[in-house]
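What follows is a single structure, written as structure tokens, with notes after it.
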Amino acid sequence: MLLKIPNVIDASQLNVMQQALKEAPFIDGKLSAGKKAQQVKNNQEVDQASEMARQLSQILMGNLHHNDTFKNAALPHLTATPYFAKYTKGMTYGNHIDDPIMGQEQRFRCDVACTIFMNNPDEYDGGELTIQTQFGNQTVKLPAGDAVLYPASSLHQVAEITRGERIVAVTWIQSLVRDPAKRELLYELNLAREKLMQEKPEAEETAQIDHSYTNLVRMWAEV
């Protein structure tokens, strides 16, 4: 499932983060890449060891984990510390698949990738995130503060920047539900469940859908 989520970061916090990113210490993005990714990765990332990275991460993670759409779609068990990446003219990230296992002190399985856009699409040319799906390639270039979720197993790339700079945050999630098809089914079922709970809270079919959703999560979740 490829899912766009608007307004993951509220306007006031987004402004604080954008100002901080202007002063942040950026280093070569290849330093965080695996051997295969190093061959196609050309960007810069905020130094993960810096205090700025810690502060930016704290704000972003707080917003993500208060977003109901993110929680219902990703069903997060573990979420990685995000990387804040910058692409300037000539930079790109060629076709790649994210590593299946990530982390140093705490290892986790990489099920879902999440890209959060930190500046607006009119500030740069190129830089589209293209994700290969069963329905063909999907191109994503979203307003600042919006996010996109997609399976980490998807082949994806970032097009070369031809003007301006593209700034994003990227994180990865180990989901409670490993299988992407099952996650998508649960997400869609939960949309119907929540609508029924609002419109027909006392109806028998509401209780049936609620019980089915709950027990499917129980059946499929890994903790």
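The values are calculated or read from the model by the stated rules, or taken from the named source; none is laboratory data. Computed from a prediction, not measured in an experiment: that's the story for all the values here. For neighbour counting, all protein chains shown are included, and Cβ atoms are generated from backbone atoms with ideal geometry for every residue, glycine included.
Scan the range 148-175 residue by residue and report those that are charged (D, E, K, R) and either surrounded by fewer than 17 Cβ atoms within 10 Å (Cβ to Cβ) or free of Cβ contacts under 8 Å to residues at least 60 places away in the same chain (or both). First the steps, then the outcome.
First, the residues of the range 148-175 that are charged (D, E, K, R): 160, 163, 165-166.
Hits for the range 148-175 are R163, E165.
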*asked:* For the range 85-100, check the following and say yes or no: at least one residue is over 22 Å from L56 (Cα atoms), touching a residue at least 40 places away in the same chain (Cβ under 8 Å) and among the β-branched types (V, I, T).
replied: yes
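Got a sec? Which of N120, N95 is of a type in the set (S, T, N, Q) and touching a Pro at 6+ places or on another chain (Cβ under 6 Å)? Let's see the steps before the verdict.
Details: N95 fails: touching a Pro at 6+ places or on another chain (Cβ under 6 Å).
Going through N120, N95 in turn, the sole match is N120.
For every residue, the table says whether it meets (1) closer than 27 Å to K35 by Cα; (2) hydroxyl-bearing (S, T, Y).
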residue	(1), (2)
F70	no, no
A73	no, no
Y83	yes, yes
G90	yes, no
H96	yes, no
Q104	yes, no
C110	yes, no
D122	no, no
L149	yes, no
*Of the residues E202, E222, which is under 19 Å from S153 (Cα atoms) and assigned to a loop (DSSP other than H, G, I, E, B)?*
E222
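Condition check ((1) in contact with a His (Cβ under 6 Å, 6 or more places away or on another chain); (2) closer than 11 Å to F84 by Cβ; (3) modelled with pLDDT under 95) across all residues:
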{"position": "M1", "(1), (2), (3)": "no, no, yes"}
{"position": "P6", "(1), (2), (3)": "no, no, no"}
{"position": "D10", "(1), (2), (3)": "no, no, yes"}
{"position": "M17", "(1), (2), (3)": "no, yes, no"}
{"position": "D28", "(1), (2), (3)": "no, no, no"}
{"position": "G34", "(1), (2), (3)": "no, no, yes"}
{"position": "Q38", "(1), (2), (3)": "no, no, yes"}
{"position": "K41", "(1), (2), (3)": "no, no, no"}
{"position": "Q44", "(1), (2), (3)": "no, yes, no"}
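Looking only at the range 9-17, decide whether some residue is of a type in the set (A, V, I, L, M, F, W, C) and either without any contact (Cβ under 8 Å) to a residue 40 or more places away in the chain or outside the structural domain of R163 (by TED's automatic domain parsing) (or both). First the steps, then the outcome.
Filtering the range 9-17 down to residues of a type in the set (A, V, I, L, M, F, W, C) leaves 9, 11, 14, 16-17.
Next, from what is left, pick out any that are either without any contact (Cβ under 8 Å) to a residue 40 or more places away in the chain or outside the structural domain of R163 (by TED's automatic domain parsing) (or both): none.
No.
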*Test D179 against the criterion of being under 16 Å from P82 (Cα atoms), among the charged types (D, E, K, R) and at pLDDT 95 or above, and give yes or no.*
no
*Of (1) touching a residue at least 40 places away in the same chain (Cβ under 8 Å); (2) over 19 Å from A85 (Cα atoms); (3) surrounded by 12 or more Cβ atoms within 10 Å (Cβ to Cβ), V223 satisfies all except one. Which?*
(3)
*Among the residues of the range 1-17 satisfying the criterion of being crowded, with 16+ Cβ neighbours inside 10 Å and over 25 Å from H96 (Cα atoms), which is nearest to the chain's Cα centre (by Cα)?*
V8
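Output the residue which, of all residues in the range 1-29 that are part of a helix (DSSP H, G or I) and hydrophobic (A, V, I, L, M, F, W, C), is nearest to A159 (Cα to Cα).
Kept after step one, since they are part of a helix (DSSP H, G or I), are these residues of the range 1-29: 11-23, 29.
Imposing the further condition that a residue be hydrophobic (A, V, I, L, M, F, W, C) reduces the set to 11, 14, 16-17, 20-21.
Details: A11: 27, L14: 24, V16: 27, M17: 24, A20: 25, L21: 22 Å.
So the residue we want is L21.
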*Could you give every pair whose Cβ atoms fall below 6 Å, whose first residue belongs to the range 19-43 and is more than 22 Å from A144 (Cβ to Cβ) and of a type outside the set (S, T, N, Q), and whose second residue is outside any helix (DSSP H, G or I) and at pLDDT 90 or above, counting only separations of at least 6 or pairs across chains?*
I27/D47; K30/K41; A33/K41; G34/D99; A37/H96; V40/G94; V40/H96; K41/Y93
*Which pairs do you get when a residue that is closer than 20 Å to M219 by Cβ, found in the range 186-206, comes within reach of a residue that is of a type outside the set (F, W, Y) and not in a helix (DSSP H, G or I), reach meaning Cβ atoms under 8 angstrom, with the pair 6+ apart or on two chains?*
L186/L75; L186/V177; Y187/M1; Y187/L3
*Pairs under 9 Å by beta carbon, first residue over 15 Å from S154 (Cβ atoms) in the range 123-142, partner modelled with pLDDT under 95, six or more apart or different chains?*
none
